[in-house]
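What follows is a short report on a single structure.
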Amino acid sequence: MPREITVVDGRLSVPDDPVIPFVEGDGVGPELWAAASPTLEKAARETGRNIAFKKIVAGAEAFKDKGTHLPGETLDAMRKFRASIKGPLATPVGGGIRSLNVAIRQALNLYACVRPISHVPGAPSPVLRPDLLDVVVFRENTEDVYAGIEYASGTPEARGLIEYLNAVLGNEINPKSAIGVKPMSETASKRLVRAALNLAVKKKLPSVTLVHKGNIMKYTEGAFRAWGYEVAREEFGDLTVPESEASEADAKGAGRIVIKDRIADNMFMQTLLRPAEYSVLAMPNLNGDYLSDALAAQIGGLGMAPGANLGDNVAVFEATHGTAPKYAGKDIANPTSLILSGAMMLDWLGWEDAGDMVRNAVKKTLAEGIATNDLARQTTTLKAVGTRAFGERVLKNLS
Ligand code: NAP
């Protein structure tokens, strides 16, 4: 009988046979799950464990079955079983339902979106030295312009807010504007940077860079930077040093963790031209969304980019990409991002040996010259196979 992951004295207690809920998701979600899940199950078995995956629904499937895109029992299961894995969920542009992904992150307080980005040898890249990029993005997941506080042009809410901003605070906003709000708090900013610093300490990484747009948005993004330095100084004192005070040994990665900060637009250039100088990147929500996809391009594209939404003792793992609707049902999309998100889940359970097996199986498959179309079309050396065949090859290479 599979058991639940629990928390004992504030720490995760993971049985060898945990129940783990999964959401197949919209678009390419179901075919990616079919290609990815056998590898995750086998990696667990080969390392002496057993995952009991339990299907839960969200998105179009949930709406069809239950009349709602995000049933309460889905959120309850994600909360109760502590670790879950999901496929992408569609969000219409400019109207319709609000993002289910954002709703899940907010409801479960999954405050850190963690996205490791490093190159798998053999994957194509538009840059000359993709191997120099080895970073982990920590994206704040609950605030910023993604908080969903928006009012359409001409509504009483937008008109009322604009009236206040103009009459009381002396602004000159066009009364017909739409209005969005960008909340950023000390609590949410600090817990995100704290999570980034904890990883840097645990993995002995050389630097944490705060990526912000504080030159323009001084009291939101500027405050994120100030709070980031504060948490490093106050909670990780001897272990960290601001870049301006770093010694030669610190700068070479042989001393303390160097705390850097970069303005977001510059950061896009830095990661292309000087990727080796960066390690952990901590940033607000919107910056993190943009930068994650740009970095994914350097390692072959969104088909290669895994991710996790982490809270305190609860986590939802998902690829960085969306539903890729044009590939849905066509056996073309790359399941690697989901497979590698699953490997992150195995690590989170404390099963790093199983996570490593999965990552090695992906590496071996690309080293054999086997890839899906998104990678193969960028090279003359890789052979393109479908989603299912790629998943089967990774499964075969798992040992
Ligand atoms: P997307 O689904 O990530 O797809 C953008 C492009 O990335 C695709 O057209 C394709 O590029 C490439 N791609 C993505 N996943 C791939 C895969 N597994 N294998 C191969 N190529 C892949 O982004 P979108 O088209 O902007 O968004 C579509 C829907 O997904 C929207 O409703 C959006 O809200 C939603 N979304 C959901 C999540 C989530 O669930 N967390 C995240 C992002 C977006 P090429 O066209 O160049 O082949």
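Quick notes on this one:
- Boolean, Arg105 is surrounded by fewer than 16 Cβ atoms within 10 Å (Cβ to Cβ) and in contact (Cβ under 8 Å) with a residue 40 or more places away in the chain: no
- Segment 346-359 - residue that is without any contact (Cβ under 8 Å) to a residue 60 or more places away in the chain and closer than 27 Å to Ala384 by Cα and, of those, nearest to the ligand (Cβ to nearest atom): Arg359
- At least 3 residues being more than 16 Å from the ligand (Cβ to nearest atom) is the threshold, and among the strands (runs of 3 or more DSSP E) wholly inside segment 38-137 those reaching it are 52-55.
- Meets criteria (closer than 24 Å to Leu395 by Cα, within 16 Å of the ligand (Cβ to nearest atom) and assigned to a helix (DSSP H, G or I)) for Ala35: yes
Results for (1) exposed (fewer than 14 other Cβ atoms within 10 Å of the Cβ); (2) on the phi > 0 side of the Ramachandran plot; (3) in contact with a helix residue (DSSP H, G or I) (Cβ under 9 Å, 6 or more places away or on another chain), shown as yes or no for each residue.
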{"position": "Gly214", "(1), (2), (3)": "no, no, yes"}
{"position": "Phe236", "(1), (2), (3)": "no, no, yes"}
{"position": "Leu239", "(1), (2), (3)": "yes, no, yes"}
{"position": "Ser244", "(1), (2), (3)": "yes, no, no"}
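- Matching residues, segment 293-306, being near the ligand (Cβ under 8 Å from one of its atoms) and on the phi < 0 side of the Ramachandran plot: Asp293, Leu302, Gly303
- Looking only at residues of segment 307-322 that are more than 10 Å from the ligand (Cβ to nearest atom) and part of a loop (DSSP other than H, G, I, E, B), we find that the one that is nearest to Arg79 (Cα to Cα) is Val314.
- Residues being under 15 Å from Met184 (Cβ atoms) and outside any strand (DSSP E or B) - total across segment 268-286: 3
- Selected residue [in contact (Cβ under 8 Å) with a residue 40 or more places away in the chain, in contact with a Pro (Cβ under 6 Å, 6 or more places away or on another chain) and not basic (Lys, Arg)] from Gly303, Gly322: Gly322
- Candidate set from segment 361-388 (those that are without any contact (Cβ under 8 Å) to a residue 12 or more places away in the chain and not β-branched (Val, Ile, Thr)); member that is farthest from Ser337 (Cα to Cα): Arg377
- Residue within segment 287-303 that is under 30 Å from Ala147 (Cα atoms), part of a loop (DSSP other than H, G, I, E, B) and open to solvent by 10 Å² or more (accessible area, probe 1.4 Å) present: yes
- When we screen Gly350, Gly369 for residues that are within 30 Å of Asp76 (Cα to Cα) and surrounded by fewer than 16 Cβ atoms within 10 Å (Cβ to Cβ), the only hit is Gly350.
- Taking residues in segment 71-86 that are under 21 Å from Leu12 (Cα atoms) and open to solvent by 70 Å² or more (accessible area, probe 1.4 Å), and partners anywhere that are assigned to a loop (DSSP other than H, G, I, E, B) and within 16 Å of the ligand (Cβ to nearest atom), the pairs with Cβ atoms closer than 7 Å and at least 6 places apart or on different chains are Arg79/Leu108.
- Scanning segment 323-345 for residues that are within 11 Å of the ligand (Cβ to nearest atom) and crowded, with 24+ Cβ neighbours inside 10 Å yields Ala333, Asn334, Pro335, Thr336, Ser337, Leu338, Ile339, Ser341.
- Single unsatisfied condition, Phe390 versus (1) within 14 Å of the ligand (Cβ to nearest atom); (2) among the aromatic types (Phe, Trp, Tyr); (3) open to solvent by 10 Å² or more (accessible area, probe 1.4 Å): (3)
- Count - residues of segment 50-61 that are touching a helix residue (DSSP H, G or I) at 6+ places or on another chain (Cβ under 7 Å) and surrounded by 15 or more Cβ atoms within 10 Å (Cβ to Cβ): 6
- Residue, nearest to Lys213 (Cα to Cα), within segment 140-196, restricted to residues that are open to solvent by 60 Å² or more (accessible area, probe 1.4 Å) and among the hydroxyl-bearing types (Ser, Thr, Tyr): Thr187
The values are calculated or read from the model by the stated rules, or taken from the named source; none is laboratory data. Everything numeric here is computed off the predicted structure, so don't read it as measured data. Because the Cβ atoms are built from the backbone with ideal geometry, glycine has one as well, and the counts that use them run over all protein chains shown. Heavy atoms of the whole protein, side chains included, go into the accessibility calculation; ligands, DNA and RNA do not. Shrake-Rupley method; radii C 1.70, N 1.55, O 1.52, S 1.80 Å.
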